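Here's the structure, in structure tokens; my notes come after.
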């Protein structure tokens, strides 16, 4: 592990400050003064000192904070303004924020002393998604949404959002929700201002799978081991692409099919017995009803064969009288004859 990284994780200072401390010759490894950059050491085996004071490695700490507006996302401020470290009292380990949220932006921010995880969450190569909710000045148009999705050229390069959803359109304002996979400085505010709809209010709602569930403004909570392990999984696809190894299948086949061995000689096939057709009831002519019915369906009726009994002719008047009599009988009880 590089010497400046060991010092930064031990809480001496930030990595850039540690490089300056090494360049001044204030760091010794096993009694040897180190001034060159890139020197590697083992913190478990080597004795590392800064100004004669031994450096001890700190345990990792991970905090999720719901930053309110008016708080700076930095470790210290020369003007004495409140920072995110003031919202986590009683923590002796040196923490620093992962990424930056400007003073007017509120929402989730991660505080840790793990430099490797901070690099995973901020480097664009890993593409960790971050969800923002913004209140815009003006009613955003469909063309502006398409422009944000396709990419907007800023001072430091092209920036774009992975997804943009308009949640409300009013008379003079609108609300949108964006998903961004980059961590450049003020990237969301600059994109919206370049599109012609500056943000009046901005909030980060989600970092990867972490949400502000039951986390009020100014409150924080430590991350669990499972959550930290899931955040580290975002580095696996990038490491696989760098090593140029084929990705494993998403759904590997774990079920094995077994086939029974085929016998060398098959037994002779047994012919199933053919049962005679079941005879139905015989009519007066001597033929069975089943034979006559099947014969009628399969073949047209031949001459000489007795035709089916025809229905009587339809008489509307007689049918109306029968229907009226039946309907009257159902509606009213039958009365006795008074004659």
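The values are calculated or read from the model by the stated rules, or taken from the named source; none is laboratory data. None of the values given here were measured: they were computed from a predicted structure. Cβ atoms come from the backbone with ideal geometry, glycine included; neighbour counts cover every protein chain shown.
Any idea which residue in segment 23-52 is modelled with the highest pLDDT, counting only those that are out of contact with any helix residue (DSSP H, G or I) (no Cβ under 7 Å at 6 or more places or on another chain) and closer than 30 Å to residue 222 by Cα?
42
What is the one condition in (1) within 18 Å of the chain's Cα centre (by Cα); (2) surrounded by fewer than 18 Cβ atoms within 10 Å (Cβ to Cβ); (3) farther than 30 Å from residue 8 by Cα that residue 161 does not satisfy?
(2)
Considering each residue of segment 166-220, count those that are touching a residue at least 12 places away in the same chain (Cβ under 8 Å), closer than 26 Å to residue 87 by Cβ and not in a strand (DSSP E or B), and give that number.
Residues meeting the conditions: 16.
From the list 41, 61, which residue is within 39 Å of the chain's Cα centre (by Cα) and either closer than 20 Å to residue 117 by Cβ or not assigned by TED's automatic domain parsing to the domain that holds residue 224 (or both)?
Every option except 61 fails the conditions.
With the requirement that a residue be assigned to a strand (DSSP E or B) and surrounded by fewer than 17 Cβ atoms within 10 Å (Cβ to Cβ), what does segment 1-27 give you?
Answer for segment 1-27, where residues must be assigned to a strand (DSSP E or B) and surrounded by fewer than 17 Cβ atoms within 10 Å (Cβ to Cβ): just 2.
Only one residue in 68, 97, 129 is crowded, with 20+ Cβ neighbours inside 10 Å and closer than 29 Å to residue 163 by Cβ, so which one is that? Quick ask: steps written out before the conclusion?
Numbers: 68 fails: crowded, with 20+ Cβ neighbours inside 10 Å; 129 fails: crowded, with 20+ Cβ neighbours inside 10 Å.
97 is the lone residue from the list that is crowded, with 20+ Cβ neighbours inside 10 Å and closer than 29 Å to residue 163 by Cβ.
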